[in-house]
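In what follows, a single structure is set out as structure tokens and then discussed.
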Amino acid sequence: MYGDKIKKSWPRRLSGIFYKIVLVYFLLSLVLAVPFSNLLFHPPAHRKMIDSLTQPGAEKVPLLWKEKYSVNVDVLSVTSTAGPKPIQLSAWWVYRDSTRAKPTIAFLAGNAGLNPAAFEDEIRLCCEMGFDCLLMDWRGYGASAGELLTYGWYDRGDFDAVIDTLIGRYGIDTLQIGIWGYSMGASNVVTIAAARPEIKALLLYTPWSDPLPMAVHYIWRSYSVPKILLYFPVWTAIQIGTWRSKGGVLDPAEEAKKVRCPVMVVHGDNDDIVPPELTRRLFNSLAGPKELVVIPGAQHNDLFQVIGQERYLRQMKNFFLPLLANKNRPH
């Protein structure tokens with residue numbers, strides 16, 4: 001009889017232990033969600049000082065480019081009303097002749113920020129092709145105002161504000177715009193092109209899809225906690241971040257279904273920051289002409305070194321030149 005009581009009590013005890021573990025997990029998840037949200041939605045603090053259009057020494061770059069490539073570099077401050085309140089965005093417009101519209105390539109970097117000096121070879125190539133260039137700091141980076149990342153939610157409105165300024169001041173041809181994007185910037189570019197069907201070509205390096213798995217992977221790299229345990233606290237962190245930014249969540253793979261222009265996607269098969277399967281899902285979702293280039297052995301931060309500068313520039317030229325030099329959109 002005593003043994004029967006013990007047998008009957010074990011399931012109750014186990015269920016009690018299980019519920020306590022679940023309760024502790026949920027409480028711990030809620031506690032961790034706030035610092036996780038800060039990691040995911042706050043730009044790295046030092047990006048305000050380096051790797052931006054306002055980094056020390058950046059003021060010398062326009063003069064250097066002007067002397068070497070006979071270009072003008074206008075520093076723009078553009079007001080964006082995309083978010084809950086207007087903010088000022090920082091951008092550089094690199095052009096040769098303001099009297100006639102030419103093809104434009106916009107360079108949009110990732111979480112590392114935008115270092116203008118690092119884009120000298122791209123500027124030189126654009127000059128050789130007869131193209132103008134746009135360099136832009138995302139909100140929260142460099143001289144651009146903003147405290148929180150929005151992963152495309154307000155960023156595409158920010159891009160619209162800059163493009164509208166270029167149309168008004170310089171009369172650029174919106175049917176001859178191509179965009180170069182890297183990492184977070186590449187994913188943002190997809191959301192931009194989804195809302196601007198006149199964009200003519202996208203060259204994307206290591207873009208990602210699926211905000212939740214990408215965020216889980218990002219946190220996992222820092223804490224080495226089993227990924228399955230991170231989904232709820234990271235999901236909660238995303239809800240906190242979007243509430244604080246008064247924005248929402250865009251899945252680049254879903255936005256890719258609206259992109260009709262030609263797209264080239266490049267990624268390393270050993271990428272340690274953006275899981276290759278997330279890049280491939282975005283690629284598979286693209287609705288228009290597309291090409292996937294996989295770089296064997298390349299990780300995230302050494303992608304361009306593994307590609308090699310000569311091959312990289314040739315790749316960019318061979319992709320953009322025939323698409324942007326011809327005003328007729330391919331079908």
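Readers should treat all values here as calculations from the given coordinates under stated rules, not as data from a laboratory. Since we're looking at a predicted model, the values are computed, not measured. Reconstructed Cβ throughout: ideal geometry from the backbone, glycine too, with neighbour counts over all protein chains shown.
Cα gyration tensor of the chain, axes a ≥ b ≥ c as square roots of the eigenvalues: rounded (a/c below 1.5), prolate (a/b > b/c) or oblate?
Note, shape of the chain comes out prolate.
Project the alpha carbons of the range 138-294 onto their principal axes and report the range along each, largest first, in whole Å.
Dimensions of the range 138-294 along the principal axes of its Cα atoms: 52, 35, 24 Å.
At R221 and D302, where each label point lies 7 Å from the Cα along Cα→Cβ, what is the point-to-point distance in nanometres?
Inter-label distance under the simple model: 1.5 nm.
So what is the 222 nm mean residue ellipticity for the chain from helices alone, if each DSSP H run of at least 4 adds -39500 (n - 2.57) and you divide by all residues, rounding to the nearest 500 deg cm²/dmol?
-15000 deg cm²/dmol
By how many degrees, 0 to 90 and rounded to 10, does the Cα axis of helix 184-195 deviate from the longest principal axis of the chain?
70 degrees
Would you mind classifying the range 111-171 by shape? Square roots of the alpha carbon gyration tensor eigenvalues, ordered a ≥ b ≥ c; an a/c under 1.5 is rounded, otherwise it is prolate if a/b is larger than b/c and oblate if not.
The shape class here is oblate.
At 37 °C and 0.692 mPa s, what whole-number value in µm²/s does Stokes-Einstein give for the translational diffusion of the range 135-217, with Rh from the Kirkwood sum over Cα pairs?
My calculation gives 242 µm²/s for D.
Using alpha carbon centroids, what distance separates the range 93-114 and the range 288-313, in Å?
21 Å
Using only the Cα atoms of the range 55-168, build the gyration tensor, take square roots of its eigenvalues as a ≥ b ≥ c, and label the shape rounded, prolate or oblate: rounded if a/c is under 1.5, else prolate if a/b is larger than b/c, else oblate.
Prolate, since a/c reaches 1.5 and a/b exceeds b/c.
Pick out, in residue order, every one of the trypsin sites (Lys or Arg not before Pro) in the range 239-325 that is DSSP loop and has at most 15 other C-beta atoms within 10 Å; say none if there are none.
Within the range 239-325, the qualifying trypsin sites (Lys or Arg not before Pro) (loop, at most 15 other Cβ atoms within 10 Å) are K246, K257.
Using the alpha-carbon atoms, what tilt in degrees (0 to 90, nearest 10) does helix 155-170 show relative to the longest principal axis of the chain?
10 degrees
Output the direction-averaged projected area (hull surface divided by four) of the convex hull of the alpha-carbon atoms of the range 201-331, in nm².
It is 9.5 nm².
What is the angle, in °, between the Cα long axis of helix 211-223 and the longest principal axis of the Cα atoms in the chain? Nearest 10 is fine, range 0 to 90.
Here the helix axis deviates by roughly 70 degrees.
Filter the trypsin sites (Lys or Arg not before Pro) in the range 71-143 down to the DSSP loop ones having no more than 14 other Cβ atoms within 10 Å, then list what survives.
Within the range 71-143, the qualifying trypsin sites (Lys or Arg not before Pro) (loop, at most 14 other Cβ atoms within 10 Å) are R100.
On full extension of the chain, what length is gained from D74 through K257, given 0.36 nm per residue of separation minus the C-alpha to C-alpha distance?
Here the answer is 62.4 nm.
Once amide H atoms are built 1.01 Å from N in the peptide plane, which residues 5 or more positions from G146, or in another chain, come under 5 Å H to H?
G140
Among DSSP beta bridges whose residues both lie in the chain, state the antiparallel percentage, nearest 5.
Of the beta bridges lying entirely in the chain, close to 35 percent run antiparallel.
By counting other Cβ atoms within 10 Å of each Cβ, how are K227, K20 ranked from fewest to most?
Going from sparsest to densest Cβ surroundings: K20, K227.
Can you work out the Karplus-derived ³J(HN,Hα) for every residue in the range 247-261? Use 6.51 cos²θ - 1.76 cosθ + 1.60 with θ = phi - 60°, whole Hz, and x for glycine or proline.
Calculated HN-Hα couplings, in order: x, x, 10, 10, 8, x, 5, 5, 5, 4, 5, 9, 8, 9, 6 Hz.
Under the Karplus relation 6.51 cos²θ - 1.76 cosθ + 1.60, θ = phi - 60°, what is the ordered set of whole-Hz ³J(HN,Hα) values for the range 131-140, x standing for Gly and Pro?
9, 8, 9, 10, 10, 9, 8, 4, 4, x
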